[in-house]
Amino acid sequence: MAAFFERIWAYISTFFASYNWLNDTLDILLVAFFIFFIVRLVRDSRAEQLVKGIAVLGILYLLATLLNLTTVKYLLKAVFDNGLIVLVVIFQPEIRRALEQAGHSRAGIFRVFDGFNQVDSAAIIEQWHKAIDATAAALMILQKQKMGALVVMERTTRLGEIIRTGTTIEAEPSADLIANIFFNKAPLHDGATIIRDGMICAAGCILPLTDNLQISRELGTRHRAGVGMSENSDAVVIILSEESGIISVAVGGELTRNYTQESLVKMLEDTILWNDKETKRIKKSKKKGKGEEG
């Protein structure tokens, strides 16, 4: 038993003797971050089941190697050799979304530029308050008139491709304007209205439809478009059903329903404004400034 522990201690000593604390630690941290990023990418997505399947194939390949099952090992090796290209094609939307999220990260080097936009960010927050209030009020007007609506609130993922499918507006948000856009005889009422930085950016835009089979068949094209948009970006999508008058919100591919005007305003403020560390900091600094003035 003593010899066993001596061998273990000798192995540990040898390992740390050759361990480069700077390079090896950095190497381990980068690999750990990459694994964490991949786990976040596949979790709660259609890729999750595929990853489990790949893990099973990996175990089978290991067993085939240990048991010297030549044919099985050859077939599995062929699958792994050619599978990467197939995975890139099948999961292009997930990969694209992951790269967009990485590009819009608020961490690390990207925070160097935060200080230059502090005043602008504070102004945008005020503009977002106006847009949220106007949207909620417009939905109440449309709800009474039994008309539908589809509003996309852009966050960090830029929606230039979607905006180009519609008509550019660039207008100050108001309940009357938003309601008029979705009036059932208006030329732009069938598409989505995009709100960027608290301003109405475009209307009549075409959104990608979800292929999620779990979406209820009772929900129409507006709901499928709203969920599809939220799957392909971090946008918040508000849907008003023309048939039932129910207000729904799609975020991250998930649909929540039955919002009132008050609960919708609170949800949008929590998601768009105070869910971001920078806006929390600005809010806190504004309160501090008001206290000093008093």
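The values are calculated or read from the model by the stated rules, or taken from the named source; none is laboratory data. Here the structure is a predicted model, which means the values were calculated and not measured. Here Cβ is always computed from backbone atoms with ideal geometry, including for glycine, and neighbour counts include all displayed protein chains.
Here are the numbers:
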{"item": "Any hit, region 139-156, residues being touching a residue at least 60 places away in the same chain (Cβ under 8 Å), of a type in the set (S, T, N, Q), surrounded by fewer than 21 Cβ atoms within 10 Å (Cβ to Cβ) and under 26 Å from Ser244 (Cα atoms)", "result": "yes"}
{"item": "Any hit, region 269-285, residues being modelled with pLDDT under 90, assigned to a loop (DSSP other than H, G, I, E, B) and surrounded by fewer than 16 Cβ atoms within 10 Å (Cβ to Cβ)", "result": "yes"}
{"item": "Selected residue (only one of Val237, Val249 is without any contact (Cβ under 8 Å) to a residue 24 or more places away in the chain, in a strand (DSSP E or B) and buried (at least 17 other Cβ atoms within 10 Å of the Cβ))", "result": "Val249"}
{"item": "All positions within region 180-194 that are closer than 20 Å to His223 by Cβ and aliphatic (A, V, I, L, M)", "result": "Ile181, Leu188, Ala192, Ile194"}
{"item": "Subset of region 160-205 (residues that are within 18 Å of Thr271 (Cα to Cα), within 17 Å of the chain's Cα centre (by Cα) and of a type in the set (A, V, I, L, M, F, W, C))", "result": "Ile194, Ile195"}
{"item": "Residues that are in a helix (DSSP H, G or I) and either of a type in the set (Val, Ile, Thr) or under 22 Å from Gln127 (Cβ atoms) (or both), drawn from region 175-225", "result": "Ala175, Asp176, Leu177, Ile178, Ala179, Asn180, Ile181, Thr221"}
{"item": "Lone unmet requirement of (1) under 22 Å from His129 (Cα atoms); (2) surrounded by 15 or more Cβ atoms within 10 Å (Cβ to Cβ) for His223", "result": "(1)"}
{"item": "Residue check for Arg257: crowded, with 16+ Cβ neighbours inside 10 Å and touching a strand residue (DSSP E or B) at 6+ places or on another chain (Cβ under 6 Å)", "result": "no"}
{"item": "Filter result (in a loop (DSSP other than H, G, I, E, B) and within 22 Å of Ala123 (Cβ to Cβ)) within region 163-174", "result": "Glu172, Pro173, Ser174"}
